[in-house]
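The values are calculated or read from the model by the stated rules, or taken from the named source; none is laboratory data. Predicted, not measured: the structure shown is a model, and the values here were computed from it. Cβ atoms come from the backbone with ideal geometry, glycine included; neighbour counts cover every protein chain shown.
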Amino acid sequence: MSGNAPRSVFWEGDHSGCLVLLDQTKLPGEILNIQCRDVQTVWEAIKQLRVRGAPAIGIAAAYGVSVAIRNYQSENWTAAKLYQTAQEAIDYLATSRPTAVNLFWALNRMQRKLDAVKEGRSAEVAQHLLQEAIAIHEEDAQMCHAIGRYGASLLTDGGVLTHCNTGGLATSEYGTALSALFTAHDQGKKIKVFVDETRPLLQGARLTAWELMQHGVPATLITDSMAAQVMREGRVQAVIIGADRITARGDVANKIGSYGLAVLAKHHGIPFYVAAPSSTFDFAMHSGADIPIEQRSAEEITEPFGKRIAPQGVAVYNPAFDVTDAELVTALITEKGIIQPVDEQNIRATLGSTHTT
């Protein structure tokens with residue numbers, strides 16, 4: 001994590017330990033850790049955005065498999081019982097949220113590891129699964145720092161606009177889009193970040209502004225509807241966001257409002273960058289039209305944070321994500337390099353044509 005910010009996700013103890021998640025629904029007013037000792041608690045934390053951000057969701061889900069089997073020793077499970085429980089946990093966690101592909105990427109890795117070691121003793125299987133989850137966690141931290149170095153190389157002194165939250169809270173450490181901003185700041189570049197509040201759950205206001213302040217990066221909070229005016233006034237020289245899924249051709253699914261920013265950036269001649277690890281790319285999908293878009297509850301709009309602001313009975317449409325066409329993206333920033341221009345050929349050349357989720 002950046003600065004003095006607490007960790008968003010970590011494992012505590014040995015194979016019989018537990019997953020600890022920072023409850024991001026309480027930020028910035030309260031720092032509360034949740035100890036997940038059963039898989040249902042992990043599922044609920046992902047579903048209710050207690051843990052959020054595509055990479056962090058994947059990490060939490062991977063650890064969730066180990067959470068599901070943490071009692072194998074005390075309850076004297078057979079190897080068959082352990083395998084069945086782990087398999088059920090993988091299937092169950094996959095139902096928590098539909099859009100962020102990192103969730104399925106991480107669970108697929110846990111599935112492959114489970115299948116590879118299922119003939120072993122229970123203790124060996126449990127240990128291998130926990131080691132795989134830890135490896136996913138550690139690899140994400142390395143990817144975040146590499147993304148930061150590549151991303152910072154694209155930034156100069158001036159204003160940068162970002163949307164939603166892409167820092168250490170959304171990943172294992174440092175983040176994706178925010179990693180580029182943190183790294184640029186560490187390098188001495190004079191950047192000033194404009195932070196969209198990110199309606200309806202205010203991840204920008206509650207989380208991104210907080211993380212930037214923790215790291216000492218100059219930050220100015222704006223409402224989502226102010227972005228166009230800030231661009232028109234010449235206060236922004238770049239836009240950088242994260243992603244929850246990127247197709248083979250480079251279409252980007254990200255928090256609702258991202259597509260509008262891309263259109264605005266194009267109109268104002270401002271580069272629009274997307275920072276994401278290779279685990280966010282889904283080569284099984286060519287077009288963004290194929291990406292499943294999560295629909296969330298009406299209450300997030302009509303009763304944000306428990307306060308009703310809309311009339312009873314009003315119809316509500318609440319997609320959590322939108323899709324930005326590859327043609328609107330100036331460059332994709334990954335741990336393996338910068339992809340520019342954004343097209344399938346360049347994506348496959350950078351990530352490898354055999355890349356899979």
Q | Positions within the stretch 8-40 being of a type in the set (A, V, I, L, M), part of a loop (DSSP other than H, G, I, E, B) and in contact with a helix residue (DSSP H, G or I) (Cβ under 7 Å, 6 or more places away or on another chain), in sequence order | A | LEU27
Q. Hey, does the stretch 212-229 have a residue that's within 17 Å of the chain's Cα centre (by Cα), surrounded by fewer than 22 Cβ atoms within 10 Å (Cβ to Cβ), over 24 Å from GLY269 (Cα atoms) and of a type in the set (Gly, Ala, Ser)?
A. no
Q) Among the numbered criteria (1) within 16 Å of the chain's Cα centre (by Cα); (2) buried (at least 21 other Cβ atoms within 10 Å of the Cβ), which single criterion is violated by LEU202? A) (2)
Q. Pairs under 6 Å by beta carbon, first residue within 11 Å of SER172 (Cα to Cα) in the stretch 127-150, partner at pLDDT below 95 and of a type in the set (D, E, K, R), six or more apart or different chains?
A. ALA141/GLU173; CYS144/GLU173
Q) So is VAL252 in contact with a strand residue (DSSP E or B) (Cβ under 7 Å, 6 or more places away or on another chain) and within 30 Å of ARG348 (Cβ to Cβ) or not? A) yes
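Specify the residue that is farthest from VAL323 (Cα to Cα); the eligible residues are those in the stretch 86-121 that are of a type in the set (Gly, Ala, Ser) and either surrounded by fewer than 23 Cβ atoms within 10 Å (Cβ to Cβ) or not assigned by TED's automatic domain parsing to the domain that holds ALA62 (or both).
GLY120
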Q: Restrict the check to the stretch 146-159 and report whether at least one residue is at pLDDT 95 or above, among the acidic types (Asp, Glu), closer than 26 Å to ALA219 by Cα and not in a helix (DSSP H, G or I).
A: yes
Q.
Consider the stretch 21-33. How many of its residues are buried (at least 18 other Cβ atoms within 10 Å of the Cβ), out of contact with any Pro (no Cβ under 6 Å at 6 or more places or on another chain) and hydrophobic (A, V, I, L, M, F, W, C)?
A. 2
Q: Note down all Cβ pairs under 6 Å where the first residue falls in the stretch 192-216 and is in the same structural domain as TYR174 (by TED's automatic domain parsing), the second is crowded, with 23+ Cβ neighbours inside 10 Å and among the acidic types (Asp, Glu), and they're at least six residues apart or on different chains.
A: GLY204/ASP196
Q. For the stretch 306-342, which residues satisfy the criterion of being free of Cβ contacts under 8 Å to residues at least 40 places away in the same chain, part of a helix (DSSP H, G or I) and of a type outside the set (Gly, Ala, Ser)?
A. GLU327
